[in-house]
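Notes follow the structure.
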Amino acid sequence: MMLRLVVLMSMLGLQLRHCAADLCNWAGSGFAAAVDSRIVLQVRLRCTEGSVRWIYPGQALRVVLEPNLSSARRTTVCIKPSPSLRGASVFIERSGELELLATGGGGGGGRPEQQVFCFRADGPHRPVIYLQSSPQTDGAWSRRTMGFRYELLGNRSAASNLGLSGLQTSCRPCNDTELLMAVCNSDFVVRGSIKNVSHDSARQTSLVQVSAARVYWQRSGVFEQQPTASGSPWRGHIHTLLQCHVQPGDGEFLFTGSEHFGEAWLGCAPRYKDFLSVYQTAWAARRNSCDFPLD
């Protein structure tokens, strides 16, 4: 694959220039590439999530993702373009050929910075992302910064209920086995109630406002404490698919799920009393996947 790409670049008179990066993120200048349009900058990143920030973008930036994953020859890659991506295009490389994944400022289809784009990276080759800047004739390139955030998901994560473009999703309730695994492996586990639900027809998602009596754990600060006269309940928002038809209602739920690009996405969400019944039955039979704190 790489040999084929090098040959193609040679025919086009392009030159690869390698750039230094840390394990997860890259922030660098394309000043030299903006002066010489034959230069294609190349960056190698070795984490499962991070960011790319390209200042003074030139002709193109080639980002090779080389995470140290022990399993997965099959991986799903998701990227979230920055708000300043307008005027640029994002490609993925497959067998030495480029396929258009997203374009900024193309008109219609919503704002690209609000979207997440995913693709399968199957086979032995590392995922490669191309970021190509559009030509600037007025010197505006000197004031531009563009980039994206990325995440690599294993097959298990890719099959979960994520509202990300390119992933198959499901609204079916979790069975007992899935529920017991969810309380052990989710990025967040909170007990609370639904206060409000808003819908976004453009993104085909719903935003669930949650008031949580207890946050058992969370990977980041998606849920925050809000001091009130009656105590300090936690509040946060969880995304889910519009097709799941989530509605506000009474009752206490156990919300679990995953976090992607700073947002919480809903996984299993049984009523708390139903979860207690499932967990206590599994605990008595010694089938629980982990210990869960019962109030």
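For VAL215, indicate whether it is β-branched (Val, Ile, Thr), over 20 Å from MET181 (Cα atoms) and in the same structural domain as LEU179 (by TED's automatic domain parsing).
Considered against the rule, which asks whether it is β-branched (Val, Ile, Thr), over 20 Å from MET181 (Cα atoms) and in the same structural domain as LEU179 (by TED's automatic domain parsing), VAL215 comes out as no.
Taking segment 57-98 on its own, how many of its residues are at pLDDT 80 or above, under 22 Å from PHE261 (Cβ atoms) and hydrophobic (A, V, I, L, M, F, W, C)?
10
Look at segment 141-200 and say how many of its residues are in a strand (DSSP E or B), over 17 Å from GLU49 (Cβ atoms), small (Gly, Ala, Ser) and at pLDDT 60 or above.
So the answer is 3.
The values are calculated or read from the model by the stated rules, or taken from the named source; none is laboratory data. In this text, all values refer to a predicted model and were calculated from it rather than measured experimentally. Methodologically, a virtual Cβ is constructed for each residue, glycine included, from the backbone with ideal geometry; neighbour enumeration extends over all protein chains shown.
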